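> Have a look at this one before I ask anything.
The values are calculated or read from the model by the stated rules, or taken from the named source; none is laboratory data. What you are looking at is a predicted structure, and each value in this text was computed from that prediction instead of being measured. Cβ placement follows ideal geometry from the backbone for every residue including glycine, while neighbour counts extend to all protein chains displayed.
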Amino acid sequence: MNLSQAIIELIWIVLGIIAIIVPVMIGVLAFTYAERKVLAFMHVRIGPNRVGPFGFFQPLADAIKLLHKEIIIPAVADKFIFILAPVLSIAPALAAWAVIPFAQGWVLANINAGILYVLAMTSFGAYGILLSGWASNSKYALFGSLRSAAQMVAYEIAMGFALIGVMLAAGSLNLSQIVLAQSGGIWHWYWLPLLPLFVVYLISGVSETNRAPFDVAEGESEIVAGYHVEYGGMAFGVFFLAEYSNMLLISALVSLFFLGGWLSPLQGIPGLETWFAWVPGVIWFLIKIIFFSFLYLWLRATFPRYRYDQIMRLGWKVLIPITLIWIVVVAVAARFNLPPWW
Amino acid sequence: MVKTIIRIIKSFTLWELFAGLLLTGKYFWKRKFTVQFPEEKTPVSPRFRGLHALRRYPNGEERCIACKLCEAVCPALAITIDSEQRADGSRRTKSYEIDLFKCIYCGMCEEACPVDSIVLTDMSHYHIAERGENILTKEKLLAIGDKYEEQIAAAREEEGRYR
Ligand code: SF4
Ligand code: SF4
């Protein structure tokens, strides 16, 4: 490969990155807006409605507000790590999107070990939280990050085991291939044959992103805001972006692993399948992402925060055993090609 | 035994969680009651005790006769009155000041006043931006009274038979 080819390839990759990052950022903005609206509606309130029609530009106003604010670095903080931490938390949150197939062939990096990459990236986000808590030199921040770390360790295992089930069922680590292995209609998607793993993955996903009801790392009522208590202005904004793009990411991953990614839910239904054949796969994928994002908000509006020890109990004593048992079941089913799915 | 089994089934099918989700899901579609404040206002009772005002008689003469009953009754010591003899021989206030920071809006001054001079209007949307604005002087009080006399009179009329 000569130089000009390399440059052209590089430009294509950069364009691909932009084509992913921009929609993700827009998604994050829309998500913060949706969060406030959905929570408000479930509280029988209206929510933001002043900036733009139905308050639609509220996230922009918030972003501008955050940009205007001063970034205060505590005198006793470890300045380098303090600044590094938000970067460390947003970088993996965005990097993980590289392997997400948005439709057949629409993927920036179609690597074979897609699942491993995703697992690595989502776990990597914990470093941002840990370091921010440590660098802040504040007891609340430290508590928040310690809690977050312990929680991550516990739920990462359940999450990984749940994915092992998916790998066994699909026989591949490549995300596109996993989606294709699910083709054949809504009852072939892995949510049904792997139902317990689906639920476990969903729960650990919520826990992994530190969202209610597992948001002890922030725990406003106990430790103020947890790990980002000392952050202000855009440094806080970056944490915020990371959290929301992580939520979108988990929604996307759940859709890929258990809900057939870009596959149409009407596959295999005579008549409907051909009628809706014109809908591009990315639309189905988006609909699934939106569904899970809504679920995130719904959970937050419904459940009170778990106590810390309850979180640990759920993680170690309930989720991990369930996944272990179900992995065996899936392995046996896949090995002996048991009907109805294998 | 049966209870334990039911409990286990319930917790593994996430029964309670779905029930909770269903409840919030229902509220999602409920009609919202939010009042859009600056455009819409909630109704205010005629008995509401808001900003103070000093009233005048229809002929323009101020009602207050500087009897200082309000000053005496005020539990927060928010009222300060200075009186003098006016040129026509009647007793009038020289200065009449209410400190809004001290006032607890109890309405005792209004009850004490023999000539219905000091009243509490139903205005609650005012703000104090500068130091010193918290002192309502006689001029300000009279101006408020002049401006809202109709409302004040109407509210007294409505409440009159309960007094
Ligand atoms: S409302 Fe009560 S506290 Fe306020 S000035 Fe009148 S008597 Fe004093
Ligand atoms: S406002 Fe009423 S009670 Fe107070 S000094 Fe004047 S007349 Fe007397």
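> Looking at (1) modelled with pLDDT of 80 or more; (2) in a helix (DSSP H, G or I); (3) aromatic (Phe, Trp, Tyr), find the lone condition where A:Trp262 falls short.
(2)
> Right, another one. For region B:38-78, how many residues meet the condition of being in a strand (DSSP E or B) and either more than 10 Å from ligand 1 (Cβ to nearest atom) or over 15 Å from the mean Cα position of the chain (by Cα) (or both)?
To start, the set of residues in region B:38-78 that are in a strand (DSSP E or B) comprises B:52-54, B:56, B:62.
Now narrow it down to the ones that are either more than 10 Å from ligand 1 (Cβ to nearest atom) or over 15 Å from the mean Cα position of the chain (by Cα) (or both): B:53-54, B:56, B:62.
Within region B:38-78, residues that are in a strand (DSSP E or B) and either more than 10 Å from ligand 1 (Cβ to nearest atom) or over 15 Å from the mean Cα position of the chain (by Cα) (or both) number 4.
> Pull up region A:296-314, narrow it to residues that are outside any helix (DSSP H, G or I) and more than 10 Å from chain B (Cβ to nearest Cβ), then point me to the one that is farthest from the chain's Cα centre (by Cα).
Among those that are outside any helix (DSSP H, G or I) and more than 10 Å from chain B (Cβ to nearest Cβ), it is A:Arg307.
> While we're here: Considering (1) of a type in the set (S, T, N, Q); (2) farther than 30 Å from A:Val199 by Cβ; (3) within 14 Å of chain A (Cβ to nearest Cβ); (4) surrounded by 12 or more Cβ atoms within 10 Å (Cβ to Cβ), say which one B:Ser11 fails and leave the rest.
Answer for B:Ser11: the failing condition is (2).
> With the checklist (1) over 15 Å from A:Phe198 (Cβ atoms); (2) part of a helix (DSSP H, G or I); (3) without any contact (Cβ under 8 Å) to a residue 24 or more places away in the chain in hand, flag the one item A:Val329 doesn't pass.
Result: A:Val329 fails condition (1) only.
> I've got another one for you. Just to be sure I understand, how many residues within region B:79-93 are surrounded by fewer than 16 Cβ atoms within 10 Å (Cβ to Cβ), closer than 9 Å to B:Ile65 by Cα and either polar (S, T, N, Q) or within 16 Å of ligand 1 (Cβ to nearest atom) (or both)?
1
> Identify, by number, the condition in (1) surrounded by fewer than 22 Cβ atoms within 10 Å (Cβ to Cβ); (2) over 30 Å from A:Ala170 (Cα atoms); (3) touching a helix residue (DSSP H, G or I) at 6+ places or on another chain (Cβ under 6 Å) that A:Gly144 doesn't meet.
(1)
> Listed residues A:Gly226, A:Gly219; which is on the phi > 0 side of the Ramachandran plot, surrounded by 20 or more Cβ atoms within 10 Å (Cβ to Cβ) and touching a Phe, Trp or Tyr at 6+ places or on another chain (Cβ under 9 Å)?
Answer to the selection: A:Gly226.
> Kindly indicate whether B:Lys140 is out of contact with any His (no Cβ under 7 Å at 6 or more places or on another chain), free of Cβ contacts under 8 Å to residues at least 40 places away in the same chain, more than 11 Å from ligand 1 (Cβ to nearest atom) and outside any helix (DSSP H, G or I).
The answer is no for B:Lys140.
> When you go through A:Ala34, A:Ala6, A:Ala19, A:Ala77 one by one, which is the residue that is small (Gly, Ala, Ser), in contact (Cβ under 8 Å) with a residue 24 or more places away in the chain and more than 14 Å from chain B (Cβ to nearest Cβ)?
Details: A:Ala34 fails: more than 14 Å from chain B (Cβ to nearest Cβ); A:Ala6 fails: in contact (Cβ under 8 Å) with a residue 24 or more places away in the chain; A:Ala19 fails: in contact (Cβ under 8 Å) with a residue 24 or more places away in the chain.
Matching residue, one of A:Ala34, A:Ala6, A:Ala19, A:Ala77: A:Ala77.
> Tell me, which residue of region B:27-53 that is at the interface with chain A (Cβ under 10 Å from one of its Cβ atoms) and touching a helix residue (DSSP H, G or I) at 6+ places or on another chain (Cβ under 9 Å) is surrounded by the fewest Cβ atoms within 10 Å (Cβ to Cβ)?
Here the residue is B:Trp29.
> I would also like to ask the following. Within region A:26-60, how many residues turn out to be surrounded by 15 or more Cβ atoms within 10 Å (Cβ to Cβ) and either part of a helix (DSSP H, G or I) or among the β-branched types (Val, Ile, Thr) (or both)?
Number satisfying all stated conditions: 21.
> Would you check which residues across region A:166-187 are at pLDDT 80 or above, of a type in the set (A, V, I, L, M, F, W, C) and part of a loop (DSSP other than H, G, I, E, B) and list them?
Answer for region A:166-187, where residues must be at pLDDT 80 or above, of a type in the set (A, V, I, L, M, F, W, C) and part of a loop (DSSP other than H, G, I, E, B): just A:Leu173.
> Say whether the condition of being loosely packed, with under 14 Cβ neighbours inside 10 Å and over 20 Å from the mean Cα position of the chain (by Cα) is met by at least one residue in region A:98-107.
yes
> Can you tell me which residue within region B:54-78, out of those that are of a type outside the set (Gly, Ala, Ser) and more than 11 Å from ligand 2 (Cβ to nearest atom), is surrounded by the most Cβ atoms within 10 Å (Cβ to Cβ)? Break it down stepwise before answering.
Let us first name the residues in region B:54-78 that are of a type outside the set (Gly, Ala, Ser), namely B:54-59, B:61-65, B:67-71, B:73-75, B:77.
Those left that are additionally more than 11 Å from ligand 2 (Cβ to nearest atom): B:56-59, B:61, B:75, B:77.
Details: B:Arg56: 15, B:Tyr57: 11, B:Pro58: 7, B:Asn59: 5, B:Glu61: 10, B:Pro75: 11, B:Leu77: 11.
By that ranking, first place goes to B:Arg56.
> For the structure I just gave you, tell me whether B:Glu130 is of a type outside the set (Phe, Trp, Tyr) and within 15 Å of ligand 2 (Cβ to nearest atom).
In short, no.
> Another one. Got at least one residue in region A:204-213 being in a loop (DSSP other than H, G, I, E, B) and within 14 Å of another protein chain (Cβ to nearest Cβ)?
There is at least one residue in region A:204-213 that is in a loop (DSSP other than H, G, I, E, B) and within 14 Å of another protein chain (Cβ to nearest Cβ).
> Condition first: at pLDDT 85 or above and more than 20 Å from the chain's Cα centre (by Cα). Now tell me which residues in region A:108-131 satisfy that.
A:Leu131, the sole residue that qualifies.
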